[in-house]
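Chemist: This is the structure I have questions about; it appears just below.
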Amino acid sequence: MARILAIDYGTKRTGLAVTDELQIIASGLTTVNTKELIEFLKDYTNSEAVELFLVGEPKQMDNSASESEIHIMKFLEALKKEIPSIPIKRVDERFTSKMAFQTMIDSGLKKNQRKNKALIDEISATLILQSYLYSK
């Protein structure tokens, strides 16, 4: 089996998480400067087998698209063009940032460490991936 790679897209930073090869465990991979994201994904998929990109879909409480969806759609077009062999699936990502912050508190990270927005993005991607794995 190949890995599933989750993407918590942001206009500045993007959090990434990945499964193990058996698709059992979701782990944070890294946070990447969004301008370097496509290049990072190309390099990663050249060295690791990835069968699916899982991209967070931010929605409002009324189920309408969030403002950031415009940026995500542009990214998805570029991703499909650059890495057409890997399918993309969207997953509702409502509350993942709040859940990521709570996870940091629950795990005992100090207040100073909880200000690390890159870590929040990576944990958010992990939560998106974990929820997908639970639903499978």
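Chemist: With the crude spin-label approximation of a point 7 Å out along Cα→Cβ, what separation in nm comes out for GLU77 versus ARG90?
Modeler: Those two pseudo-labels are separated by 1.5 nm.
Chemist: Beyond 30 Å between alpha-carbons counts as too far, so tell me which of LYS74/LYS110; LYS42/LYS110; LYS89/LYS117; LYS12/LYS80; LYS89/LYS110 fall in that bin.
Modeler: Table pairs above 30 Å Cα-Cα are LYS74/LYS110; LYS42/LYS110; LYS89/LYS110.
Chemist: If you don't mind, another one. For SER135 and ASN112, what is the calculated FRET efficiency with R₀ set at 41 Å and r taken between the beta-carbons, to the nearest 0.05?
Modeler: That pair, SER135 with ASN112, gives E of 0.75.
Chemist: Which FRET efficiency value, to the nearest 0.05, do you get for MET1 and ILE70 by plugging their Cβ-Cβ distance into 1/(1 + (r/R0)^6) with R0 = 35 Å? Mind dumping the intermediate values first?
Modeler: Working: r = 34 Å, r/R0 = 0.97.
For MET1 and ILE70, the calculated efficiency is 0.55.
Chemist: Would you pull out the residues with amide H under 5 Å of ILE25's amide H, same chain only if 5 or more places away, H placed 1.01 Å from N?
Modeler: ASP20
Chemist: For VAL50, what residues show an amide H to amide H distance below 5 Å, using hydrogens built from the backbone and excluding near sequence neighbours?
Modeler: Distant-sequence amide H within range of VAL50: ARG3.
Chemist: Separate question: Taking the Cβ of LYS89 as the centre, find all other residues whose Cβ is under 13 Å away and add up their charges (Lys, Arg: +1; Asp, Glu: -1). Walk me through the intermediate numbers first.
Modeler: Details: positive: LYS80, ARG90, LYS136; negative: GLU51, GLU57, ASP92, GLU93.
Neighbour charge sum, excluding LYS89 itself: -1.
Every number in this text was worked out from the coordinates using simple rules, so none of it is lab data. Given the structure is predicted, the values throughout are model-derived calculations rather than measurements. Reconstructed Cβ throughout: ideal geometry from the backbone, glycine too, with neighbour counts over all protein chains shown.
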